[in-house]
Structure formats: structure tokens, C-alpha cells
Amino acid sequence: MSAPAMDLRSLIEDRSTRIVVCCGAGGVGKTTTSAALALAAAEAGRTVVVLTIDPARRLAQSLGLVELDNEPRRVETPGVDGQLHAMMLDMKRTFDDVVSAHSSPDRAQQIFENPFYQALSSSFAGTQEYMAMEKLGQLRATDQWDLIIVDTPPSRSALDFLDAPNRMGRFLDGTMIRLLTAPARAGGRMGMRVVGAGFTVFSRIISKILGGQLLRDISSFVSALDTMFGGFRERATATYEMLRMPGTSFVVVATPEPDALREASYFVDRLSAEGMPLAGLVLNRTHPPATTALSATRAEAAAEEVLEAGGKGAKLAAGALRVHAERMTQATREQRLADRFSSAHPEVAVRTVPAAAGDVHDLDGLRVMGAELTGPDDDTPTGTPRTRILPARRS
């Protein structure tokens, strides 16, 4: 079956599109796809920032930069009407910025010096996803860029930031947090009398499990951060709702491999369940043949006939025919996998992108990929629509 066509050019040129989130399994070219779309949008006159949450350095390499950090860096794009910026999420620095922005200098310093905060802001499970929501919210709030493209981490954790508001809520409403903050919330010595007995028993039990010093660090951290908790949750929830609104689109990226397409199905189902706007699937690194007029079977038979006939160039011609047969076989397998995905998700638009000859590591390579992503649906060497690898069979 043929999937609906995905018009990525209209998506990135539409001024009402403000956020594009690229997600998918690891190793499918998601970072390169994000960078290529960002460059194409800049060439269309837009002011773009591409944010990667993936700690690998692929985005910087693709854009010809030595490194990326937590602040947007301008990418030199001579002759381009728009502007292109790029950045990589620094989890701890983003957390530090939030603390500085929402507390007094003395309170911020107290938090920064707390050992539990130092561990939480660097490696605590879920912190990266929450900080990704914070950073996205910050970028959108500045209104400095009219398009933000987010390159999410590899694997299913790519969508974990959608859970950030709920995780923050569960953290703040947890029994331990409520007990640790009870004295401060009750207020003064009278509050300590009210909660003192229960808190003392709780402290003794937890001290045996965690150790007295860690418990004191956690209690001190929670007390210092208590007034900021509500703002954390509110901002995460606001960003989550922003992702569901018109102006945001999710692009799922996969390769024509069983595992990658299973992950793509997971992303599609998850986005649907969350009510997130899905633009479609980019099926990357496909292998369309140079011509579809000659089947693999006929090419193999022709190779045998050429060799039997002999003559000058027979071996070369037979080799070329066999290469074509292998390419047709591979394309047929990839199309079968793509058709299986489309049968399960008939409403999802698809755009196929041929595999590049080598790694994409500069702006020229990104422009080539951008043309594949945004070119007219039927503008291909064989005339096969970009929704497919091979032409649809006639029924």
C-alpha cells in the first residue's frame, strides 16, 4: 500500500511552525536529519536553532563546528537569507541557570554547594529529561528564534521528557519529600513541635538506610529548594502543553530495518496516546535502484546470458547486472518492511531518503540531504514517489 506523502518543505517554511521534534532509535541518522531540516529552514529565510539532547558530538561535526555547548552558537552559512544556530544540552548548567534565575544569590550558592544537588544535577535519573523541557521552554520564551528543532536522545528515552511534569509531580508529592520539607512548611519552632516526633522516627529509620550525612544533605537541599518546586512543575507542564499545541510537529526517523521500524511504531503509538502532533515518518538510508524497469530475476538471467555469449566487456556487463539484481533485492526487502509499517499505521505520512555515499559531515552534505527531505514528492530519477522505495505494484 502507498502511505500519504509528507511535505517537509511546507512544514519548515510555514511561519506558524515553531517547534519540530525529531525522535527515533539510535543510529538511524536522526541528528543529521535534524541538522539538514534546520539548514533548509534557514535557507528558506527562517531564524533557526537546533538543540541536541544527544551527548554525542555528531551535530557539531555535521555543522562543521569544533564543539557545542549550552548556549546557541551561530553557524556560518554564506548566502543564506535566514540564520542557523546550534547547541547541545548541558544538564547541570541548565539546572544551575534555573536555580540562579529563581532564587537569591545566597540561596543559590547554598544549593550549589550541597552535595546532594551536585549529584542530582549531574547524573540523577530523569534530570536530563526534565532539563530538556526547561531548556526548550527557555528557548521558546525568548522568541529569538522562529523555529526550534529538537534532536532527541537515541532509543526510547527520546520521549522520556514527555513524562517530566508527571515525574516532577510524583517526586514533589512523594512521602520522603513531604516528610523532609514538613518542618520548613510548618514554620518555626511551633512547626518543629508539631512534626518533631514523627520526623525524628522517620530520620532514624532513613539514616540507617541512607546514612546520616546523606539524609542531612537531602534535607538541606529540599529545604533550600522548597520554594522553587512549584515553579519547576508549572514550567514543565506549560512546555508539555506547548508540545501538544498547533505549531509543534514530531518527526519520527527510522531506517528500513526491523528493529528501527519497531521502535518507530512505538514512537507513533506513544505520540498518539499523548495527543502529540505527528508530521510523519522519515525512512532514512534506503537503497532505491537506478532503474525499476529490470527485476532482480531478469537481471540475474541476463547476466548469465551475457557471460555465455562472451565477447569483449561481457564480464563487466554481467557484473553490473548482478549489482543491479542485488540492489533490487535489497530495495524489495526494504519496501516490504515499509509496507508492513504503513499497513499498521496507514494514517502516518512517509518520506524516504536514499543512503548517502558517505558520512554527512559538512554543510554541503546537509544540503544534499535537505533536498532529499524537502524535494517534490515525484522528483526522483526513476519517477518513484518519495513515499516509496519501489513503485507500487499494479493490482
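The values are calculated or read from the model by the stated rules, or taken from the named source; none is laboratory data. These figures come from a predicted structure and were not determined experimentally. Cβ placement follows ideal geometry from the backbone for every residue including glycine, while neighbour counts extend to all protein chains displayed.
Cβ-Cβ contacts under 7 Å between residues 6 or more apart (or on different chains), taken from a first residue in the stretch 90-101 that is surrounded by 17 or more Cβ atoms within 10 Å (Cβ to Cβ) to a second residue that is among the charged types (D, E, K, R) and at pLDDT 85 or above, are listed as 94/135. Counting only strands (runs of 3 or more DSSP E) that sit wholly inside the stretch 1-108, those with at least 2 residues that are closer than 24 Å to residue 256 by Cα are 19-24.
To keep it simple, each residue is scored yes or no on (1) farther than 30 Å from residue 264 by Cβ; (2) within 14 Å of the chain's Cα centre (by Cα).
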site	(1), (2)
12	no, no
39	no, no
50	no, yes
65	no, no
84	no, no
93	yes, no
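If you go through the stretch 73-89 and keep only what is touching a strand residue (DSSP E or B) at 6+ places or on another chain (Cβ under 9 Å) and either surrounded by fewer than 17 Cβ atoms within 10 Å (Cβ to Cβ) or within 18 Å of residue 13 (Cα to Cα) (or both), you end up with 74, 76, 77, 82, 83, 84, 85. Considering the stretch 306-335, and only residues there that are part of a helix (DSSP H, G or I) and among the charged types (D, E, K, R), the residue that is surrounded by the most Cβ atoms within 10 Å (Cβ to Cβ) turns out to be 334. Which one is modelled with the lowest pLDDT among residues in the stretch 136-149 that are under 14 Å from the mean Cα position of the chain (by Cα) and under 18 Å from residue 97 (Cβ atoms)? Checked the stretch 136-149; the qualifying residue modelled with the lowest pLDDT is 136.
Residues in the stretch 251-290 that are touching a Gly at 6+ places or on another chain (Cβ under 9 Å) and within 26 Å of residue 130 (Cβ to Cβ): 251, 252, 253, 263, 264, 267, 277. Out of the residues in the stretch 34-54 meeting the condition of being at pLDDT 95 or above and among the β-branched types (Val, Ile, Thr), tell me which one is surrounded by the most Cβ atoms within 10 Å (Cβ to Cβ). Once the filter is applied, the top-ranked residue is 48.
Can you confirm whether the stretch 252-260 contains a residue that is surrounded by fewer than 17 Cβ atoms within 10 Å (Cβ to Cβ) and part of a helix (DSSP H, G or I)? There is at least one residue in the stretch 252-260 that is surrounded by fewer than 17 Cβ atoms within 10 Å (Cβ to Cβ) and part of a helix (DSSP H, G or I). Apart from one condition, residue 381 fits all of (1) in contact (Cβ under 8 Å) with a residue 40 or more places away in the chain; (2) closer than 30 Å to residue 77 by Cβ; (3) surrounded by 12 or more Cβ atoms within 10 Å (Cβ to Cβ); the exception is (3).
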